[in-house]
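Peer 1: Mind having a look at this structure? Questions to follow.
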Amino acid sequence: MVSPETVMDVIFGASNVLSGELLGTGLGVSPGTAAGRVARSVDAALDLFDADIDVILVMDETTAADEVAMRIASGIVTARGGLASHAAVVARDLGVPAICGVGALDQFSNGDELLIDGRSGEIRRQRSLGGTNPISSGALEELPPALAQLLDWADVIVGGRTQVLVNADRGDAVARGLRFGARGVGLCRIEHLFLGEHASLVQAVLRGGTTTDFEQLLADQLVEVLTAAAGHPVTVRLLDAPAHEFGGPAEHDPMLGLRGVRAAIVTPELAAAQVRAIRAAHDAVADSEPRIMVPLVSLPGEMSVLRELMGDTGDLPIGVMIETPRAALCADRIASGCAFISFGTNDLTQLTYGWGRDDLEAALLPRYRALGMLDASPFETLDEGGVARLIALAAQMVRAANPTAGIGACGEHAGDPRSIEMLIRLGVDSVSCSAYRVPVARLAVAQALIAHDHPPGQT
């Protein structure tokens, strides 16, 4: 039987054996190998790229403001972060090799020549790269015929019972996900549409300025996404970046601050502007199927207030992202009247454990594993004893209170085969992952449904 891991090797290539002086190791968060010169800032990365030199972006951590450099990098290295950090999530979306949680970066300077392995986590020095290097291996852009046939057979087994969707924020990423077999977009993140110089448009709204330019750019970007989706459903998540990333007030713990629905309630014009832009894009693209997803909800009242602030949503389906333990425990009331819910398993995991997903993976988990407390990172494979129980309870309550509501998952676990098997047992009917993981998810879903239909001991 072909394993999901084998499919991953086909998509990303088997890990190369790197030579050269070992400079450091971290957590391999996005597979593949890359060679290039170090850039310690966005400007340095753009300068190297303009000179036609492969870039290894090396930073303490990344935010949405750094994505302009991440998109042109051949590889990414960060001092902090883990499997669900910003750098890891974006790197997997882009199919770029990445290593997080390296620790001190003092040994790396602009222009240094490096080799990295995003699976083993190794960082090595190699001299005289001269720009591109044959050891670099990017992810495939087309499925080999034999793999495509295998996955078609897997889809026949699934028979539409569980949809595999793609997390994608740009037209090219949407198209890639559909080529790999996704049935739509399960997560389009508005904050990822406002990068670099466009961040100022969000800043203006947060500071009480006009929404005109913000709306226009958002509508234009969504037209590209909806066009690429070619009639497949697209779930657009309302702005969910920490406020400081767009010039808002500094917060002691931004991941627990003015994000998602909270930002929309505190800045009322933000919600209406986003809805108007989504509707404008919908009107501009024939046969498009956008859906609106509200993130970081914890109180039923937040949804009630937001519905008023959004204004006329027309016939656009409205859903809610379940990311906090309280939302999971109150899912029946929070999802009342919603067309769908989607579990954001990254935040749900960190908030259930009380572990920052950007900090503790490299520092704490190796020790916990050595002591036998954990077999795997809960940010890599869904925590069956805790987080999965919250999901099971929430799914059960939503099914009882709102039987027609769709139930999905769109965190990093939605691309992990072991987690997919759990999610299907818990009653999830769609999973959404980065484009390069869609083939893995398709096979994992089929195998999970076979196991579900024919449990051990049953013939």
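Peer 1: Quick one: dipole size for the chain, taken about the Cα centre, charges +1 on Lys/Arg Cβ and -1 on Asp/Glu Cβ, in debye to the nearest 20.
Peer 2: Working: 34 positive and 57 negative charges, 213 e Å.
Approximately 1020 debye in magnitude.
Peer 1: A further question on this structure: Return the sequence-ordered ³J(HN,Hα) values of the stretch 317-332 in whole Hz as given by the Karplus equation 6.51 cos²θ - 1.76 cosθ + 1.60 applied to θ = phi - 60°, using x for Gly and Pro.
Peer 2: x, 10, x, 10, 9, 9, 10, 10, x, 5, 4, 5, 6, 10, 4, 5
Peer 1: Under 5 Å between amide H atoms, partner at least 5 residues away or on a different chain: which partners does Ile322 have, H built in plane at 1.01 Å?
Peer 2: Answer set, sorted by chain and number: Ser342, Phe343, Gly344.
Peer 1: Enumerate the amide H contacts of Gly32 below 5 Å, restricted to partners 5 or more residues apart or on another chain; note that Pro and chain-start residues carry no placed amide H.
Peer 2: Gly118, Arg119
Peer 1: Right, here's the next one. Return the FRET efficiency for the residue pair Glu141, Asp375: r is the Cβ-Cβ distance, R0 is 35 Å, and the value is rounded to the nearest 0.05. Walk me through the intermediate numbers first.
Peer 2: Working: r = 34 Å, r/R0 = 0.98.
Efficiency computed from Cβ-Cβ geometry: 0.55.
Peer 1: Tell me, Arg357, Arg399 in order of fewest to most beta-carbon neighbours within 10 Å?
Peer 2: On the way: Arg357 25, Arg399 16.
The fewest-first ordering by Cβ neighbours comes to Arg399, Arg357.
Peer 1: Testing the spin-label approximation: label points 7 Å from Cα along Cα→Cβ at Asp213 and Leu364. State their distance in nm.
Peer 2: Output for this residue pair reads 4.1 nm.
Peer 1: Moving to a separate point now. Using Stokes-Einstein with the Kirkwood hydrodynamic radius over Cα pairs, what translational diffusion coefficient do you get for the stretch 145-453 at 4 °C and a viscosity of 1.567 mPa s, in µm²/s rounded to a whole number? Before the final figure, lay out the partial values.
Peer 2: Numbers: Rh = 19.8 Å.
D = 66 µm²/s.
Peer 1: Using the charge dipole of the chain (Lys, Arg: +1 at Cβ; Asp, Glu: -1 at Cβ; taken about the Cα centre), state which of Val29, Phe49, Gly209 has its Cα farthest towards the positive end.
Peer 2: Farthest towards the positive end: Val29.
Peer 1: A further question follows. Would you calculate a helix-derived [θ] at 222 nm for the chain, using -39,500 (n - 2.57) for each DSSP H run of n ≥ 4 and dividing by the full residue count, to the nearest 500? All intermediate terms of the calculation are to be shown ahead of the outcome.
Peer 2: Values: 19 runs with 183 residues, N = 459.
Counting only the DSSP helices, I get -11500 deg cm²/dmol.
Peer 1: For Asp253 and Asp172, compute 0.36 nm times the residue count separating them, minus their Cα-Cα distance, and round to one decimal in nm.
Peer 2: Working: separation 81, 0.36 × 81 = 29.16 nm, distance 3.34 nm.
Full extension of this stretch gives 25.8 nm more.
Peer 1: Considering only DSSP beta bridges whose two residues both sit in the stretch 17-125, what percent are antiparallel, to the nearest 5? Write down the numbers at each step before the final one.
Peer 2: Numbers: 15 of 24 bridges.
Roughly 60 percent of the beta bridges in the stretch 17-125 run antiparallel, per DSSP.
Peer 1: Need one number: % antiparallel among DSSP beta bridges in the chain, to the nearest 5. Don't skip to the answer; put the middle values down first.
Peer 2: Numbers: 16 of 53 bridges.
Given both bridge residues lie in the chain, the antiparallel proportion sits at roughly 30 percent.
Peer 1: Here is a follow-up. Using θ = phi - 60° and the Karplus form 6.51 cos²θ - 1.76 cosθ + 1.60, what ³J(HN,Hα) does each residue of the stretch 65-79 get, whole Hz, x for Gly and Pro?
Peer 2: Once rounded to whole Hz, the list reads 5, 8, 5, 4, 7, 4, 6, 9, 7, 7, x, 9, 10, 10, 5.
Peer 1: Anything in the chain that counts as a DSSP H helix reaching 18 Å or more along its axis (C-alpha) with Kyte-Doolittle mean of at least -1.0? List them, would you? Walk me through the numbers on the way to the answer.
Peer 2: Numbers: long enough: 145-158 (20 Å, 1.19); 212-229 (25 Å, 0.52); 268-284 (25 Å, 0.05); 387-401 (21 Å, 1.38); 438-453 (22 Å, 1.09).
What comes out of the filter, once short or polar helices are dropped, is 145-158, 212-229, 268-284, 387-401, 438-453.
Laboratory data are not the source of any read-out in this text; all were calculated from the coordinates shown. Owing to the predicted nature of the structure, the values given are computational and were not obtained by experimental measurement. Note that each Cβ is placed from the backbone with ideal geometry, even for glycine, and that neighbours are counted across all protein chains shown.
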